[in-house]
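Worksheet for the structure shown next.
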2 protein chains.
Amino acid sequence: MRREITGFSNPTVKWLRSLRDKKHRRREGRFLAEGLRLLTDAYESGRVPEMLVMADTRDAHPLIASLEEAVTAEGGDVVVTTPDILAKITGKDNPQAVAGVFAEFDTSLAAVRRGAAPIWLVAQALRDPGNLGTMLRTGDAVGAGGLILVDDCADPFSAEAVRASMGAVFTQGIAQARWPDFLDWLRGGEGQLVAASLRDAVPYRGAPYAAPCFVLVGNESRGLPEDYEAACDLRVTMPMRGRADSLNAAVAAAVLSYEVLAALEV
Amino acid sequence: MRREITGFSNPTVKWLRSLRDKKHRRREGRFLAEGLRLLTDAYESGRVPEMLVMADTRDAHPLIASLEEAVTAEGGDVVVTTPDILAKITGKDNPQAVAGVFAEFDTSLAAVRRGAAPIWLVAQALRDPGNLGTMLRTGDAVGAGGLILVDDCADPFSAEAVRASMGAVFTQGIAQARWPDFLDWLRGGEGQLVAASLRDAVPYRGAPYAAPCFVLVGNESRGLPEDYEAACDLRVTMPMRGRADSLNAAVAAAVLSYEVLAALEV
């Protein structure tokens, strides 16, 4: 259904705005993705928004038109509104011309098919949504099956994570679990758990990686708890030539993942 | 000199606040670094702030005391103020208990001693200060000499870049230049310019890297201009197994830099 909204106090506007908040996203099971590029990525990955919100600016884009068609065909809503209201919804001064509401995915471990990919990324207590989105993007690049979020991580469906993922939020699997549940699940099947570590570690190059390889990185400031590291099958260390003893979490995940990718392909 | 400031309208408070703005930083040649960890990193790298700003909270930290001593010994200012005023200065609701004002460094290419390190990072039109800080941090880790910023990049002395660098802003060299000037400078001595590229590129693993190796990444959305890529000595490509055709810029720089590091050490 297509409709126009011109009032700031319209309930749909309020509902859309509320999706910027994690609590509301969780309750509604919905999240917002902004921008034509992201929505096009989603569409090409087979994800059509339940609701498409467009600014009523003059110059229509052919990609927006085809998105609108797809949404309508699937019985979704198309909302046309003013740039000002769209700015209020997205919380940005210069909003993209279009945004979409998507249903959150099943993020239980039960949905993870570990045999479907040689690499999986695992983040523990990762707090920065930008890092989380970047890990999703890296996962897409290395052909990972998805990202497993252990303990209290940033929300993968936040605007910042979705944006940083560059569309990978729609293609990578996402699961969330507490550490004991994750470990139980992991040990219930094949899977090598690898952590970047300074303790009792072997050089990351030439380490005996095996598929499916689960690449684990820890919290931005505290790293991984010692007992989590101890539970890993393999601890690897990357050269640190300077005075710092760690890399950015998303960077560490990427350097390690590319090494695993190369090792598994040889 | 040690002094107390209790008024929001104090000129020093205004001056400190103004350092959050790039234009003012440039004019004053000063920047602000927040947090005990960052200031300690700076101190250990031989950088003592010209001015130390501390909140007058009760529990003094021994590291803050030794910082204060160092600043006083070098003739710098110590400002004690309220947490509220410190929050106003840093623009954060929960400010760190301490901040420092540092003189910006010489960022001319003339200050770059290319023979001093086997790897240098080069960013072109990089817009995200977090990415820039992350590149500095990665540079420290791979033993790079520093980061060269080509064309209009984010400000390496912004609070966000300084924070993301995790102290590397104090240990890595930083230079800024327009592309033609950078290329002239580069060709005036030894140096291999390497870009991550999709055009006419060889696999990044096993590519013939040579020191000093300048690892170049481009703008977050547009990548490198075609003629910039053409001017490189080596174009390398990283596997892209998913649907995206690029990595986050700081991630690409890191994966490539670690490969260069490994190649140069063999």
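The values are calculated or read from the model by the stated rules, or taken from the named source; none is laboratory data. Computed from a prediction, not measured in an experiment: that's the story for all the values here. All Cβ positions, even for glycine, are placed from backbone atoms using ideal geometry, and neighbour counts span all protein chains on display.
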Query raised in the report: Out of (1) away from every other protein chain (no Cβ under 12 Å); (2) under 30 Å from B:L16 (Cα atoms); (3) surrounded by fewer than 19 Cβ atoms within 10 Å (Cβ to Cβ), what's the single condition that is false for B:A201?
Result: (2)
Report task. Please tell me if A:E160 is closer than 30 Å to A:I89 by Cβ, surrounded by fewer than 18 Cβ atoms within 10 Å (Cβ to Cβ) and within 14 Å of chain B (Cβ to nearest Cβ). Result -> yes
Report task. Please work out if B:A97 is out of contact with any Cys (no Cβ under 8 Å at 6 or more places or on another chain), modelled with pLDDT under 95 and of a type in the set (A, V, I, L, M, F, W, C). Result -> yes
Report task. Sort out which residues of the stretch A:172-183 are surrounded by fewer than 23 Cβ atoms within 10 Å (Cβ to Cβ) and either touching a helix residue (DSSP H, G or I) at 6+ places or on another chain (Cβ under 8 Å) or among the aromatic types (F, W, Y) (or both), and write them in order of number. Result -> A:G173, A:A177, A:W179, A:D181
Requested in this report: Looking for whichever is within 22 Å of B:Q172 (Cβ to Cβ) and surrounded by 14 or more Cβ atoms within 10 Å (Cβ to Cβ) here; the options are B:G46, B:G29, B:G35, B:G76. Which one fits?
Outcome: B:G35
Report task. Please give the helices (runs of 4 or more DSSP H) falling wholly within the stretch B:79-171 in which 1 or more residues are of a type outside the set (S, T, Y) and over 27 Å from B:A195 (Cβ atoms). Result -> B:83-90, B:159-164
Query raised in the report: Taking the stretch B:217-250 as the search range and keeping residues that are farther than 17 Å from B:Q192 by Cα and assigned to a helix (DSSP H, G or I), which one is farthest from the other protein chains (Cβ to nearest Cβ)?
Result: B:E226
**Report entry** Selected residue (criterion: nearest to the other protein chains (Cβ to nearest Cβ)) from residues of the stretch A:251-266 that are more than 14 Å from A:M135 (Cβ to Cβ) and among the small types (G, A, S)
**Finding:** A:A262
Report summary line: Scanning the stretch B:6-26 residue by residue, those polar (S, T, N, Q) and surrounded by 14 or more Cβ atoms within 10 Å (Cβ to Cβ) turn out to be B:N10, B:T12, B:S18
Query raised in the report: Take the residues of the stretch A:24-68 that are within 14 Å of chain B (Cβ to nearest Cβ) and assigned to a helix (DSSP H, G or I): which is farthest from A:A97 (Cα to Cα)?
Result: A:E44
Query raised in the report: Would it be correct to say that B:G130 is over 30 Å from B:G91 (Cβ atoms) and assigned by TED's automatic domain parsing to the domain that holds B:L224?
Result: no
Query - Scope the stretch B:171-201; condition under 12 Å from B:L147 (Cα atoms) and out of contact with any strand residue (DSSP E or B) (no Cβ under 8 Å at 6 or more places or on another chain); matching residues - result: B:T171
Query - Near pairs, Cβ below 8 angstrom, 6+ apart or cross-chain, from the stretch B:96-108 (over 12 Å from B:V162 (Cβ atoms)) to any residue that is of a type in the set (V, I, T) and assigned to a loop (DSSP other than H, G, I, E, B) - result: B:A97/B:T57
Requested in this report: Considering (1) in contact with a helix residue (DSSP H, G or I) (Cβ under 7 Å, 6 or more places away or on another chain); (2) basic (K, R); (3) away from chain B (no Cβ under 14 Å), say which one A:R187 fails and leave the rest.
Outcome: (1)
Query - Contacts under 6 angstrom Cβ, first residue in the stretch A:20-42 being assigned by TED's automatic domain parsing to the domain that holds A:V79, partner part of a helix (DSSP H, G or I) and basic (K, R), 6 or more apart - result: A:F31/A:R25
Query raised in the report: Got at least one residue in the stretch B:213-222 being polar (S, T, N, Q) and loosely packed, with under 15 Cβ neighbours inside 10 Å?
Result: yes
Report summary line: Within the stretch A:119-138, residues being within 12 Å of another protein chain (Cβ to nearest Cβ) and out of contact with any Leu (no Cβ under 9 Å at 6 or more places or on another chain) number 5
